[in-house]
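The values are calculated or read from the model by the stated rules, or taken from the named source; none is laboratory data. Remember, predicted model here, so these are calculated numbers, not experimental data. A quick note on method: Cβ atoms are made from the backbone with ideal geometry, for glycine too, and the neighbour counts reach across all protein chains shown. The area values use the complete protein model at the heavy-atom level, side chains included, leaving out ligands, DNA and RNA. Shrake-Rupley method; radii C 1.70, N 1.55, O 1.52, S 1.80 Å.
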Amino acid sequence: MKNRRDFLKLATAFGAVVVGSSLEAKKSAESLSETDELLRGVSDIHIHAAPDIRARLTDELAFARQAQKAGYKAIMYKSNDFSCHDRAYLIQQALGDFEVYGSLCMNDVVGDKVNVIAAKKATETTGKLCRCIYMPTQNARYAVKLYKQNITPIAVLDERGRVLPEVVQVMEICRDANIIFASGHCSPEESLILAQKAKEVGVQKFVITHANSRDWKLSTDQIKKAIDLGAFIEYCFLPNLWGKGTPLSHFERASEQEFIDFVKIMPQRSFISTDLGQAGMPNPLDGMRRCISLLIKNEIAQKDIDTLVRINPYHLVQI
């Protein structure tokens, strides 16, 4: 620097850039979180956020604030590698009357098989905000075999196709706590076997997750059979957003018509989640807004839209 005056001019200019960038980021977040009648009363119970080992668009507290401001009724976070119900307790303390819940996935971070103790402790954690126990996702035996991953497969069925004792115990924990028992990344066939066992055990909130997504996609007949067994069916909007030109370009984008065909099958036993939060993908608020707009465009009845994005998902996280 030639002199102190030059230094001050440079510092002032740098400060303006930083402040300008911060204000722009804040403005962008606020534009996503302004109260929107399309989003009022929505509950999205499948959202990914930081902290995580994968890059996420935002963190759990920041998104909860956006969702609260947008008029959401409740949200639930999912991490494939960490529990998030404990953080949900702290977020609820910070936000007051906004409902934030967490979940737990039975992946290898909690052991090399479905961990009954982990499930039990999750349901007993302060606030009792763990509202879903997922069967293995990344470590599901089906997923490990399908994608030839060099990670520990975690089974839910034995070699004869019977539900393992520890899985039944977790079903009983979910039944007694009145929370969701979810299929995770099990195959469609495994999910139907789990649905049958869940009915026998008396689970009231058995969910087959992302039934419209990739290799977990169920046929119409499988969906109807699962519903006959008492299951709720989750449809995620993420497959309609990924694909060419996105950070998830290796997945083929689903058509709008395919999504509409799925949600029409039996909306009274179904719900929609965004499954968003990945870095570089749309904000979950924008994803949900686009989803609801698509439902309206395709003349889905308002009572069915309310059931899919407001009534059923909220019911599932209540105890």
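Ignoring ligands, DNA and RNA, please state the percent of accessible area on the chain from carbon and sulfur, probe 1.4 Å. Ligands and nucleic acids excluded, carbon and sulfur reach 52 percent.
The charge dipole of the chain, taken about the Cα centre with unit charges on the Cβ atoms of Lys, Arg (+1) and Asp, Glu (-1), comes to about 680 debye, rounded to the nearest 20. Counting charges near Ile154 (Lys, Arg +1; Asp, Glu -1) among other residues having Cβ under 11 Å from its Cβ returns a value of -1. Its DSSP H runs of at least 4 residues, each contributing -39,500 (n - 2.57), put the calculated 222 nm mean residue ellipticity of the chain at -13000 deg cm²/dmol, to the nearest 500.
With a threshold of 30 Å on the Cα-Cα distance, the over-threshold entries among Lys121/Lys148; Lys73/Lys128; Lys121/Lys264 are Lys121/Lys148; Lys121/Lys264.
Modelled label positions at Leu95 and Lys224, each set 7 Å beyond Cα in the direction of Cβ, lie 3.9 nm from each other.
Across all directions, the average projected area of the convex hull around the alpha carbons of segment 82-133 is 3.2 nm². Hull volume per residue, based on the alpha-carbon atoms of segment 31-164 and their convex hull, is 130 Å³.
Per residue, the accessible area of segment 210-270 comes to 46 Å² when a 1.4 Å probe rolls over the protein heavy atoms. When only alpha carbons of segment 240-292 are considered, Rg and Dmax amount to 12.0, 35 Å. Going through (i) 22.6, 72; (ii) 21.0, 81; (iii) 18.7, 57, the figure that equals Rg and Dmax of the Cα atoms in Å as computed for the structure here is (ii). Based on the Kirkwood approach, the hydrodynamic radius assigned to segment 163-211 is 10.5 Å, with every pair of different Cα atoms included. Under the criterion of Cα pairs below 8 Å and six or more residues apart, the relative contact order for segment 33-126 equals 25 percent.
For the chain, the relative contact order is 16 percent, taking Cα pairs closer than 8 Å that sit 6 or more residues apart in sequence and dividing their mean separation by the residue count. Applying a DSSP loop filter and a limit of 15 other Cβ atoms within 10 Å to the trypsin sites (Lys or Arg not before Pro) in segment 157-238 leaves Arg160, Arg162. Once Rg and the Kirkwood radius are both taken over the C-alpha atoms of segment 202-284, their ratio Rg/Rh works out to 1.00.
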